[in-house]
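Chemist: Please see the structure below; I have some questions.
Every number here is computed from the coordinates shown, using simple stated rules; none is lab data. The shown structure was predicted, so the numbers you read here are calculated from the model rather than taken from an experiment. Quick reminder, even Gly has a Cβ in these numbers, built from the backbone with ideal geometry, and neighbours come from all protein chains shown.
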There are 2 protein chains.
Amino acid sequence: MKDFMKEAIKEAKKSLILGEIPVGAVIVKDNIIIAKAHNLRETLQDPLAHAEILAIKEASQYSNNWRLKDCSMYVTLEPCPMCAGAILQSRISKLYIGTFDPTTGACGSVINVLQNNSLNRWTNINWNYNKQCSSILEEFFKKRR
Amino acid sequence: MKDFMKEAIKEAKKSLILGEIPVGAVIVKDNIIIAKAHNLRETLQDPLAHAEILAIKEASQYSNNWRLKDCSMYVTLEPCPMCAGAILQSRISKLYIGTFDPTTGACGSVINVLQNNSLNRWTNINWNYNKQCSSILEEFFKKRR
């Protein structure tokens, strides 16, 4: 199986070059990448322009369907509440996460939007730790200090 | 003060005409509406096209700034986790909600994304009940059955 997390890391590196917090995401269906994106919040001056949101937008345009059933997302950083909520909304079946976010992680670290029996949807979470996912973030924040 | 919830209800009615779940939102700064939107998920085949998300996108484009500080949002239905997360991300200061959502409401009904001490942001929530906000939804779901 192709290492899709590596493709998400390539996306995160594009954010790094732009001075953005480096996060990348890809969406896969039938073993093919149908969308890839990286964080562009500062570049676009858009609070919604997280990697996951941009990838979901691209995948639904590609599919011409708001339901991304049987799709998986690979993302380098644990999604925030907005992105976890968008993953629920889009019906993505499986989420692979490269590293956790102790500050705003909404897939178990701070809250869990994806696996909450009180909400009416549930998404499969797979922790797919990759050292590069955290080291690229450390590199970014070290430079900023 | 202008009744901004009435403007949000006007937006929700546009969704109803399109056969969409009727939800409308407006964003206000300095007592002026800088963005208004209604749910367009089916029309655009976009899982992100909730009224709140479209309004935030419009307001940040208008402001050319991803931070919507000192802005208020008036929305006819309690935001879902995605939209509540987007409100946090955009730094909207105050949220006025027209009716609660017992199924996916993320501002207190099911979970509370906006007022959670474990997350690093907090948004002011004002329940601004208006019978029309719930009756328009009842009308929609009655027709669908």
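Chemist: What does the copy distance list look like for A:Gln45, label position 7 Å along Cα→Cβ, in nm and ordered from shortest?
Modeler: Its label point is 3.3 nm from the equivalent points in the other copies.
Chemist: Could you tell me the calculated FRET efficiency between B:Thr43 and A:Arg67, based on Cβ-Cβ distance and R0 = 22 angstrom, to the nearest 0.05?
Modeler: Step by step, r from the Cβ atoms, then E = 0.90.
Chemist: Nm distances between the label at A:Gly19 and the same-position labels in the remaining copies, 7 Å along Cα→Cβ, shortest first?
Modeler: Label-point distances to the other copies, shortest first: 4.8 nm.
Chemist: Please list the non-local residues whose amide H lies under 5 Å from the amide H of A:Thr99, H modeled 1.01 Å from N, same-chain partners needing a gap of 5 or more.
Modeler: A:Leu77, A:Glu78
Chemist: Identify all lysines with a Cα-Cα distance to A:Lys14 below 29 Å; exclude those on the same chain that are fewer than 8 residues away in sequence.
Modeler: A:Lys2, A:Lys6, A:Lys29, A:Lys36, A:Lys57, A:Lys69, A:Lys94, A:Lys131, A:Lys142, A:Lys143, B:Lys57, B:Lys69
Chemist: Relative to the Cα centre, what is the charge dipole magnitude of segment B:58-145, using +1 at the beta carbon of each Lys and Arg, -1 at the beta carbon of each Asp and Glu, and rounding to the nearest 20 debye?
Modeler: 60
Chemist: Mean residue ellipticity at 222 nm from the helices of chain B, using -39,500 (n - 2.57) per DSSP H segment of n ≥ 4 over the full residue count, to the nearest 500 deg cm²/dmol?
Modeler: -11500 deg cm²/dmol
Chemist: Note down the magnitude of the dipole of the protein assembly as shown about its Cα centre, charges +1 on Lys and Arg C-beta and -1 on Asp and Glu C-beta and zero elsewhere, to the nearest 20 debye.
Modeler: Working: 38 positive and 28 negative charges, 16 e Å.
For the protein assembly as shown, the charge dipole is close to 80 debye.
Chemist: Give the separation of the Cα centroids, segment B:113-145 to segment A:1-47, in Å.
Modeler: Between the Cα centres of segment B:113-145 and segment A:1-47 lies a distance of 32 Å.
Chemist: Can you check what the net charge comes to around B:Thr104, using other residues whose Cβ is under 10 Å from the Cβ of B:Thr104 (Lys, Arg +1; Asp, Glu -1)?
Modeler: -1
Chemist: Along the Cα→Cβ direction, 7 angstrom out, place labels at B:Thr103 and A:Ile33. What is the inter-label distance in nm?
Modeler: It is 3.6 nm.
Chemist: Which residue, B:Asn130, B:Asn120, B:Asn39, has the most motion in a Gaussian network model of chain B that connects Cα atoms within less than 10 Å?
Modeler: Most flexible of the set in this elastic network: B:Asn120.
Chemist: Something else now. Give the angle, between 0 and 90 degrees and rounded to the nearest 10, that separates the Cα long axis of helix A:131-144 from the longest principal axis of the Cα atoms of chain A.
Modeler: That helix lies at roughly 50 degrees to the long axis.
Chemist: Label-to-label distances across copies for B:Pro102, with labels 7 Å out along Cα→Cβ, in nm, shortest first?
Modeler: 4.1
Chemist: Report the extension gain between B:Asn120 and B:Lys2 in nm, rounded to one decimal, defined as 0.36 nm multiplied by the number of residues separating them, less their alpha carbon distance.
Modeler: Computed gain between B:Asn120 and B:Lys2 is 39.3 nm.
Chemist: Could you tell me which of rounded, prolate or oblate describes segment B:30-110, using a ≥ b ≥ c as the square roots of the eigenvalues of the alpha-carbon gyration tensor, with rounded for a/c under 1.5 and, failing that, prolate when a/b is larger than b/c and oblate otherwise?
Modeler: Taking the square roots of the gyration eigenvalues as a ≥ b ≥ c, segment B:30-110 is oblate.
Chemist: How charged is the neighbourhood of B:Ala55? Take every other residue with its Cβ under 9 Å from the Cβ of B:Ala55, and add Lys/Arg as +1 and Asp/Glu as -1.
Modeler: -1
Chemist: Does segment A:4-139 come out rounded, prolate or oblate by the C-alpha gyration tensor, with a ≥ b ≥ c the root eigenvalues, rounded set by a/c under 1.5 and, if not, prolate when a/b is larger than b/c and oblate if not?
Modeler: rounded
Chemist: Is the shape of segment A:1-73 rounded, prolate or oblate, going by the alpha carbon gyration tensor and its root eigenvalues a ≥ b ≥ c, with a/c under 1.5 for rounded and a/b larger than b/c for prolate?
Modeler: oblate
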